[in-house]
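**Student:** Below is a structure I'd like to ask you about.
The numbers here are math on the coordinates, done by the rules we state, and not lab data. The structure displayed is predicted, hence computed values, not measured ones. No Cβ is skipped: glycine too gets one built from the backbone with ideal geometry, and neighbour counts run over all protein chains shown.
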Amino acid sequence: MQQLAKEKYKSGVKWLTWSAVLAVVSVGGWLVYTTRFQESSQPVEVRLLTVKRDTLEEVINESGTVELAEQQTLKAPADGTVEKILVEVGDFVTSGKRLIVLRDPEAQTKLADHQLEIQRQEVTLANAKSQVTAAQEKLKVAQAELEKLKNGDSGGDRTRLPAQRLAIAKQELNLTNLRAQVTEAQEKLRVAQNKLEADQKLFAKGFIAENELQNQKDAVRAAQAELRGAQLEVSTALLDLKNDNLELERIESELQQEIADAESELAQAEVSLQDAVAQLQNAQTQVRQEAIALQKLQLERQTIEQELQENVVIAPVAGQILDIVVKKGAVVQQSEALLVQGNPTEEIIKLQLSTLDASKVESQQVARISVIGPNPESYTGRVEEISLLANLSSGDNSGDSSQARVPAIVRLDNPTGSLIPGSQVSVEIIIEQQKNVLVLDAEAIHQKDDEAFVWLIDEQGRVSKQSVTLGLEALTAIQVKSGLSEGSRVAVPAPDTTLQPGMKVKTVDSEQ
């Protein structure tokens, strides 16, 4: 009996348990159904966008560096010292204008030495020409004397007269030579004094030692002494010439007494004639040789002067001086930057585009340029040049194409006069532009299985899925080619909201 009672008790408990579970499930299902029904009957909040017509652009944004047209850095043509800076920053210069003068002390010293050598050669040539003149005079006298003797003229007693005249001519030649030596000594003194002045300036700046300055002073005194010696020799030669002239007068007075000896001197006259001819030929040969040597020195001087002329930096084109890198007195090496010049009548922007952007850019595309900062003023320009070769970014040796940049140039339509060369600006290149087309924000477009669609709101406030054909895609907006019309209302649900066709929606933050 007890066992039977226990089994009936267990069976009753099971029935009660299953009845309770069934009741709970029924109540839960009823609650879920009620909640779902209430939710489906309440509208979902969405943002409202209205399809409108507008201008849509696909652009590339990049920063660039401002430069002037024909902007270039002028460099030193050779090693030297900046002697003169003939322009200032901001100056407008014409093509060919002298900008900076460099001094090459070694070349200038070489030129001075050559100039002195030329002067010496000119003196030597003058002496050779004087010798030709003297030889011609001697030949003329010898020919005349010989002719007189052959004709039986008792002019043999006049041989001392031409001899004395020849002596005077030699003395005059010697005097010419001595005067040339005075000129040479004066030039040597001038060069030494100029060198002393230059050394004194260098000594004052501490560039040379005191003993070098003292050596130059000694050189100046030596040159002065040499000049005095040369002047003394000229004075002595003048006295000798005066004595020779007196002797000539004495010979002329004794000429009548020596006529009887003329015939015996006929043979000597013939020998003298031959000597005079030989001397004239030698003198003429010497003149030709000295003239050739002088021409050679002059050509060498022209070469040195050309080298010095190349040390002058000139403006290659007309433009404005933007920057002067060096100062007067600075020592520069060949190819070292001196100044920067550009043409302010034209302004360009140099860009470095990614390879992806560069593939979209073409010449003559319109660009907008603006200064980086608040409330920037915008300028227009066009793509003038885009390189066919990409360059790796600085310091990148990996060969990664993502690091490659393509140089490009944008030229402004009109010079602004306000953009600063070397500054960074923002450049917006218009790749494609569509005017008066249907435009919708990109966030309203949905993609599923390569199909684009939007949630279209009808007059009852319910949504339906509308397929659309897209066109030009900008950064935040997209062109709608078909599927919508101007004024169509499109729903933009919240990220955590899923819309279903026929669902009722409530618009918030509607466009005005």
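**Student:** Could you please report the charge total around ASP218, scoring K, R as +1 and D, E as -1 over all other residues with beta-carbon less than 15 angstrom from its beta-carbon?
**Tutor:** Within the 15 Å Cβ shell, the charges total 0.
**Student:** What is the distance in Å between the Cα centroid of segment 465-512 and that of segment 87-105?
**Tutor:** 66
**Student:** On to the next question. For ASP458 and SER354, what does the FRET efficiency come to when R0 = 56 Å and r is the distance between their Cβ atoms, rounded to the nearest 0.05?
**Tutor:** With a Förster radius of 56 Å, E is 0.80.
**Student:** What number comes out for the charge environment of GLU428, summing +1 per Lys or Arg and -1 per Asp or Glu over other residues with Cβ under 14 Å away?
**Tutor:** Local net charge: -3.
**Student:** Fewest Cβ neighbours within 10 Å first, please rank LEU146, LEU470 accordingly.
**Tutor:** Placing the least packed residue first, the sequence is LEU470, LEU146.
**Student:** So if I average 1/r over every pair of distinct C-alpha atoms in segment 343-432 and take the inverse, what Kirkwood radius in Å does that give? Kindly include the intermediate steps, with their values, before the conclusion.
**Tutor:** On the way: mean 1/r = 0.0714 Å⁻¹.
Kirkwood radius, segment 343-432: 14.0 Å.
**Student:** What FRET efficiency comes out for ARG53 versus ALA390 if R0 is 45 angstrom and r is the Cβ-Cβ distance? Round to the nearest 0.05.
**Tutor:** After rounding, the FRET efficiency stands at 0.70.
**Student:** Sticking with this structure for a sec: Lys and Arg at +1, Asp and Glu at -1: add these up for the other residues within a Cβ distance under 9 Å of LEU438 and post the number.
**Tutor:** +1
**Student:** Something else now. Can you tell me which lysines have their Cα less than 21 Å from the Cα of LYS504? Leave out same-chain residues fewer than eight positions away.
**Tutor:** LYS465
**Student:** Hey, another quick one. By how many nm would the segment from LYS242 to GLU117 grow when fully extended, if each residue of separation counts as 0.36 nm and the alpha-carbon distance is taken off?
**Tutor:** Extending this stretch completely gives an extra 41.7 nm.
**Student:** Past the 26 Å Cα-Cα mark, which pairs from LYS97/LYS195; LYS188/LYS296; LYS52/LYS350; LYS97/LYS201; LYS140/LYS170? Before the final figure, lay out the partial values.
**Tutor:** On the way: LYS97/LYS195 31 Å; LYS188/LYS296 22 Å; LYS52/LYS350 37 Å; LYS97/LYS201 30 Å; LYS140/LYS170 15 Å.
Flagged as over cut-off: LYS97/LYS195; LYS52/LYS350; LYS97/LYS201.
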